[in-house]
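Enquirer: The structure is given below, and queries will be raised subsequently.
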Amino acid sequence: MIFTVAIDGPAAAGKGTIAKAVAAHFGFELLDTGLLYRAVAKKTLDGMDAVAAAKALSSHDLQRDGLRTAKVGQLASKVAAMPKVRAELIAFQKRFARMEGGAVLDGRDIGTVICPEAEVKFYVTASDTVRAHRRWLELVQKNPDILEEEVLAQLTERDKRDSERKVAPLKPADDALLLDTTELTIEAAVNKAIEAIKTRQAQGRE
Ligand code: DC
């Protein structure tokens, strides 16, 4: 059985949490594609060229400490705007998406570029202030001095770059279901996603 769930949206909208819950519910494999760009960014901090880093990316690189910091997130957004970096990472993601047994991928371009044929696509979003607050709650645990307005400014800058870049910009696929988590608890958003997938699976069996 091949079945792909594509989850796109801006930073800190709840994509990762929804992707994890959906993958666990249906027993699908999960790929956080942002981690690929974060791992490339981290290698450039070690002095490596971004394209060479993308070419040499290994599963070990995805397990390194420090990939989730705000600094690495900003740099990930910059390397992700480089067409040659994206080109190095595309084949792996496309294969992952269509693997036997079902796959969930979350990112910015999954429904539009990586897997336009995905059986279900979600575009997860939330207001800027709600997303900044959520991200601040995560980051403040490791960096008690970080300010919420600083997080908001970085998030807006990153979303602008991700949406305005020439290659694979962040945007909803035409056939994506919109999940706005501004007023929705994560549990409610997860339930909506699960119901939409079940409906699609039932259509596939008809
Ligand atoms: O989802 P994240 O915050 O971990 O992603 C980090 C950056 O990686 C994001 O700002 C843009 C880039 N990215 C991308 O360009 N395409 C993807 N499919 C996933 C992430």
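Enquirer: Is it fair to say Glu157 is open to solvent by 70 Å² or more (accessible area, probe 1.4 Å), in contact (Cβ under 8 Å) with a residue 60 or more places away in the chain and in a helix (DSSP H, G or I)?
Expert: When the stated conditions are applied, Glu157 passes them.
Enquirer: Do you know which residues across the range 35-48 are open to solvent by 30 Å² or more (accessible area, probe 1.4 Å), away from the ligand (no atom under 12 Å from the Cβ) and either on the phi < 0 side of the Ramachandran plot or not in a loop (DSSP other than H, G, I, E, B) (or both)?
Expert: Result: Thr44, Leu45, Asp46, Met48.
Enquirer: Does Gln141 satisfy the criteria of being away from the ligand (no atom under 13 Å from the Cβ) and either part of a strand (DSSP E or B) or among the polar types (S, T, N, Q) (or both)?
Expert: Criteria met by Gln141.
Enquirer: Out of the range 100-138, which residues are more than 12 Å from the ligand (Cβ to nearest atom), under 21 Å from Ala19 (Cα atoms) and polar (S, T, N, Q)?
Expert: Listed by number, the residues that qualify are Thr125, Ser127.
Enquirer: Only one residue in Ala54, Ala41 is touching an Asp or Glu at 6+ places or on another chain (Cβ under 6 Å), over 17 Å from Asp106 (Cα atoms) and either modelled with pLDDT of 95 or more or not small (Gly, Ala, Ser) (or both), so which one is that?
Expert: Ala54
Enquirer: Same structure again: Mind checking which residues of the range 185-203 are open to solvent by 60 Å² or more (accessible area, probe 1.4 Å) and assigned to a helix (DSSP H, G or I)?
Expert: Scanning the range 185-203 gives Glu187, Asn191, Lys192, Glu195, Lys198, Thr199, Arg200, Gln203.
Enquirer: Test each condition in (1) surrounded by fewer than 19 Cβ atoms within 10 Å (Cβ to Cβ); (2) more than 8 Å from the ligand (Cβ to nearest atom); (3) within 20 Å of Arg158 (Cα to Cα); (4) in contact (Cβ under 8 Å) with a residue 40 or more places away in the chain for Asp32 and report the one that comes out false.
Expert: Every condition holds for Asp32 apart from (2).
Enquirer: Val51 - would you say it is open to solvent by less than 60 Å² (accessible area, probe 1.4 Å), under 30 Å from Gln141 (Cβ atoms) and β-branched (Val, Ile, Thr)?
Expert: Against the criterion (open to solvent by less than 60 Å² (accessible area, probe 1.4 Å), under 30 Å from Gln141 (Cβ atoms) and β-branched (Val, Ile, Thr)), Val51 does not qualify.
Table: residues versus (1) free of Cβ contacts under 8 Å to residues at least 12 places away in the same chain; (2) open to solvent by less than 40 Å² (accessible area, probe 1.4 Å); (3) touching a helix residue (DSSP H, G or I) at 6+ places or on another chain (Cβ under 7 Å); (4) under 30 Å from Gln201 (Cβ atoms).
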| residue | (1), (2), (3), (4) |
| --- | --- |
| Glu88 | no, no, yes, no |
| Ala91 | yes, no, no, yes |
| Gly102 | no, yes, yes, yes |
| Leu105 | no, yes, yes, yes |
| Gly111 | no, yes, no, yes |
| Pro144 | yes, no, no, no |
| Ala168 | no, yes, yes, yes |
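The values are calculated or read from the model by the stated rules, or taken from the named source; none is laboratory data. Just so we're clear, the structure is a prediction, and the values are computed from it rather than from any experiment. Ideal geometry is used to build each Cβ from the backbone, glycine not excepted, and the neighbour counts take in all protein chains shown. For the accessible areas, the whole protein counts, side chains as well, though only heavy atoms, and no ligand, DNA or RNA atoms are used. Shrake-Rupley method; radii C 1.70, N 1.55, O 1.52, S 1.80 Å.
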